[in-house]
Amino acid sequence: MTDTDYDVVIVGAGPAGSCAAIEAARAGLRTLLLERGPFAGSKNMYGGVVYPRILDDLIPEWWEEAPIQRWVTRRSTMLLTDNQSLSLDFRNDAWAAPPYNGATAYRPEFDRWLADHAVAAGATLLCDTTVTGLLRDSSRRSGGRVTGVRTDRPDGDVTASVVIACDGVNSFVAKEAGLYGTPNAKNFTLGVKETLSLPKQVIDERFGVRGREGVDIEIIGCTGGVNGGGFVYTNLETIAVGVVLKLTKLAAQKTRPEEIIAAMKRHSAIAPLVEGGELHEYSAHLIPEAGLSMMPEMTGNGLLVAGDAAALCLAAGIWLEGVNFAIASGMYAGQTAVEAIADGDVSQRGLRGYARRLSDTFVLRDHRKLRRAPQLVLSDRVQHLYPSMITGIAERMFRVDNPLAKPGLRRIFHEERKRAGVHLRGLVRDGHDAFRSFG
Amino acid sequence: MTERDPLWPETSFGDRMDTVEFKVSEKPHIVVDGKVCADCSTLACIVACPADLFVPTSDGGILFNYEQCFECGTCYLVCNNEGAISWSYPEGWIRRRLPEHLMIAVCIKWIGDAAVSGVSAADEAAVEMALRHGESSGSSVLAVTVGGPAADRCLRDALACGVKTAVRIDASAEMDSAAVAAALSPVVAHSTAVWCGDYSADRGSGSVPAFLAALLERQQALGVVGVEFIDPLRVTRRLDGGRREVLRVTGPCVLSVEGSVARLRRASLRAAVAAQTADVLPYGRPPASTGSTSGVMSGVVVRPYRPRARVLAAPAGATALDRLRALTDASAAPQPGETVEASPPDAARRIIEVLDDWGYLAE
């Protein structure tokens, strides 16, 4: 295998790609990390929260150096109807100190930082380079093994023992390798985000935090007729506001994405948070939402798939994670490549350690456990009926209707359930599903 | 969600897309097969594309503009007609501006006096420095001035040269330097570097940059006579007795330059013309809690006009030459100008009507 240009070629210098490169390069493999943008992270659109604890082994005390914006110490889940809102708000001061929990970050900075670690470990990072196809061994004995990639540069073919595809949600590499079925719009959501600039002091006051503390607000019921959710995240001097929309509904609803954000921003519960913010960035990105049911074959002959390219994104309502799955799957792909190359077998069989690593860790255990959650969270009942029912119950509980006496909770529940059009049977079934997923 | 009265003016789609920079590949990465689209009943791509790049044509096809694509992939996923949209990763790239390295700012002083009117050589040099700084660091440039509507002139000149955004803080330019700096500070607070001229056309004290640096709590390099755009920035200051001082500038800073440091580039004819008719939009000023900004009144944002793609009917004509002529107006008589003699409100109405007719008020 020494006649290859590199031992490992990694496509895409996002978190998955950089962490795969760190593992491979640290083990002494000749590692090439290809990035389509002008620098690692330049292609990124992300307004979310990063949970980097998975980095503990790879970069000890990562929090000392990681370019994060704010440590999330407050998490809110909000239910909105047209003129009501109900929040569940949790604050934990301990999350403002090592080892922390979640953090907001500008991904162009965060990804660049991870890629720098890959370079420090000895990997070669080549930016402005698009992978246009796979090279394969045509001999019958090898079974069409992937032997490298073709790039858009002159004389751009690169051979390698193992190719790791970390090329994101639209992964053309995994598709070309035949690891995906036909993509289906119902498995995806579209995230549309605005970054609004506000002075730090104003953000601190509005969100009730100080220093590097930050807030993560997830919202249901703010996306009109399109199933989805909304979010508000605090960065140091900006806030990220956006919505995540179910593609099939968006296409059918005839409402443009930016109009849905605008409507959410005008809601009386959201407007005071975002008012006066100057638009600095508008962008959009697909999210592989369907979890386990849409994942491709993770291992090919000479090929591994990691991160969003492998649909490793957890969109389970109260847990919205992706970067940690990308980091972990990238690490495991890197480790597997090291192991397979040492054993001299980079066929699908030789790379089987990858599936084992994914399966034994949170990467697939979380997804297996929460396999029903994405569908439940985006169901019409959770999206449209339950917010109305729950805020209705809250309204009745807190309303003082003297001289009438207070109604009992049970009566309120049944009346509001009927008003919102929630059938008891559906409610019991969803409760059961939720309990099985989250319990 | 019910429609509410807007609490603030909604951002126009053009302004939204202005926040993203695109380096465009010559080769389209998305190809739309118009024949397939002609039978489409859903037109899902038109609604769903977050960059609004798909436009229906009058003959039932889809017009597509790939240059501002976010590369998200929504279109091919929602397209229900197998194969109508073929999509691959583009060779160009898009860059999102980050607030941290978002902007280089330049402050310009406009003097409207009959005797000394205009902008000083130092301020012009500052604009040029800001543009070069922006080019070398991949940031866009924000130009700010304090003054009345006449001061738009210097902003338009800056826009023509390549400044991305221009803000006029509508206040009297007669304020003292501390008040001018206080007015400027919230607008330039997010910029990494703030460039100023060392003196204005009426030879003021040159103290605004110093006040600005103090208000923003930033380092300052004033009276700069030479700049090298390397990382970190290296600037030369003039000292007494013909000596020089070379400073390395890291982090957020305020710099003022002498007029000798550079000449402002000439804007191209097209850019200059476009800047003269640039859109004037209301400027939402930052919340009052940013410090002593009591001198700030309302301002305006001046941006170059960027029309969205729109559908034109296919030209009529029997021969290719006729159709070409129809498209280019080559044989048509030039549109005659129109002199309106009416009361100012009526004249304004007529002007708006005509602009609307010509398609300049599409958004």
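Bridgeable aspartates and glutamates around A:LYS200 (alpha carbons under 18 Å apart, same-chain partners fewer than 8 residues away excluded): A:GLU213, A:ASP216, A:GLU237, A:GLU275, A:GLU278, A:GLU281, B:GLU100, B:GLU217. The mean number of Cβ atoms from other chains found within 10 Å of a Cβ in peptide A:411-419 is 0, as a whole number. Peptide B:46-56 is shielded by partner chain Cβ atoms: per residue, an average of 5 of them sit within 10 Å of its Cβ. Listed by chain and number, the lysines whose C-alpha is less than 17 Å from the C-alpha of A:LYS246, apart from same-chain residues fewer than 8 away, are A:LYS186, A:LYS193, A:LYS254.
Report the net charge of residues surrounding A:GLN253, where surrounding means a beta-carbon distance below 11 angstrom and charges are Lys +1, Arg +1, Asp -1, Glu -1.
Details: positive: A:LYS246, A:LYS249, A:LYS254, A:ARG256; negative: A:GLU259.
Net local charge, A:GLN253 excluded: +3.
Given the DSSP H assignment, sum -39500 (n - 2.57) over each helix run of at least 4 residues in chain A and divide by its residue total; what's the result at 222 nm in deg cm²/dmol, nearest 500? Value at 222 nm, helices only, nearest 500: -9500 deg cm²/dmol. Let me test this: with uniform point scatterers at the alpha carbons of the range A:235-348, what is the Debye-based log₁₀ I(q)/I(0) at q = 0.24 1/Å? Each listed q maps to, in turn, -1.34. For a straight C-alpha distance cut-off of 26 angstrom, the lysines reachable from B:LYS109 (same-chain residues fewer than eight places away being disregarded) are B:LYS164. Averaging 1/r over every pair of different alpha carbons in chain A and inverting the result gives a Kirkwood radius of 23.0 Å. Take each residue in A:235-247, count the other chain C-beta atoms within 10 Å of its C-beta, and the mean is 2.
When A:ILE318, A:ILE59, A:ILE164, A:ILE10 are arranged by Cβ crowding within 10 Å, least crowded first, meaning fewest neighbours, the order is A:ILE318, A:ILE59, A:ILE164, A:ILE10.
Report relative contact order for the range A:56-184 in percent, whole number only (criteria: Cα-Cα under 8 Å, sequence separation at least 6).
Working: 143 pairs, mean separation 19.1, N = 129.
Over the range A:56-184, the number comes to 15 percent.
Mean separation of Cα pairs under 8 Å and 6 or more residues apart, divided by the residue count, gives chain A a relative contact order of 19 percent.
Could you tell me whether the protein assembly as shown comes out rounded, prolate or oblate from its Cα gyration tensor? Rule is a ≥ b ≥ c as square roots of the eigenvalues, rounded for a/c under 1.5, then prolate if a/b exceeds b/c, otherwise oblate.
Working: a/c = 1.42, a/b = 1.28, b/c = 1.11.
Here the protein assembly as shown falls in the rounded category.
All of the numbers you see were taken from the coordinates with simple rules; none came from a lab. Being a predicted model, the structure only gives us computed values, none of them experimental. Note: ideal-geometry Cβ built from the backbone for every residue, glycine included; neighbour counts use all protein chains shown.
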